[in-house]
Amino acid sequence: MAVDIQKLFNEEVPAKLAKNPDGAKAIGGKIQFVVSGEGGGEWFLDLTAPSSQAGNPGGADVTIKIAATDFQKLHENPQANGMQLYFQGKLKFEGNQMLAMKLNKLFEL
């Protein structure tokens, strides 16, 4: 089933951060998501003081860039599809790539 990216980042992720701030702090860091294409957008997650906001305020430790269609694949199966998308050049990281590797924990909160 396709994920509503807007709803995920505007409602579900902030709710998870509020529900489990210690889990978010364990991941740590500041992450900028840039999802291009229909249904995409930009979101900034501060996991050091768990919060989420739309837009790009700057100061991210890692920026993750992906097309909305590829984000759907990533969300369906982060482990398998994440590596495949990365090696195809469809999932791009700028900054601390090790922080990006912890992201599957974010969606498990």
Residue span Asp22 to Glu38: 0.36 nm per residue of separation minus Cα-Cα distance leaves a gain in nm of 2.5 nm
Options (i) 23, 15, 12; (ii) 21, 17, 15; (iii) 19, 15, 14 are given for semi-axes √(5λ) of the Cα gyration tensor in Å, and the computed one is (iii)
With +1 on the Cβ of every Lys and Arg and -1 on the Cβ of every Asp and Glu, the dipole magnitude of the chain about its Cα centre, in debye rounded to the nearest 20, is 220 debye
Computed, not fitted: 222 nm per-residue ellipticity of the chain from DSSP H runs ≥ 4 (each -39500 (n - 2.57)), nearest 500, equal to -10000 deg cm²/dmol
Note, Ile27: beta-carbon cut-off 15 Å, +1 each Lys/Arg, -1 each Asp/Glu, net +2
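Taken together, the values in this text are just the output of simple stated rules run on the coordinates, not laboratory data. Since we're looking at a predicted model, the values are computed, not measured. When we count neighbours, we look across all protein chains shown, and the Cβ atoms used for this are built from the backbone with ideal geometry, even at glycine.
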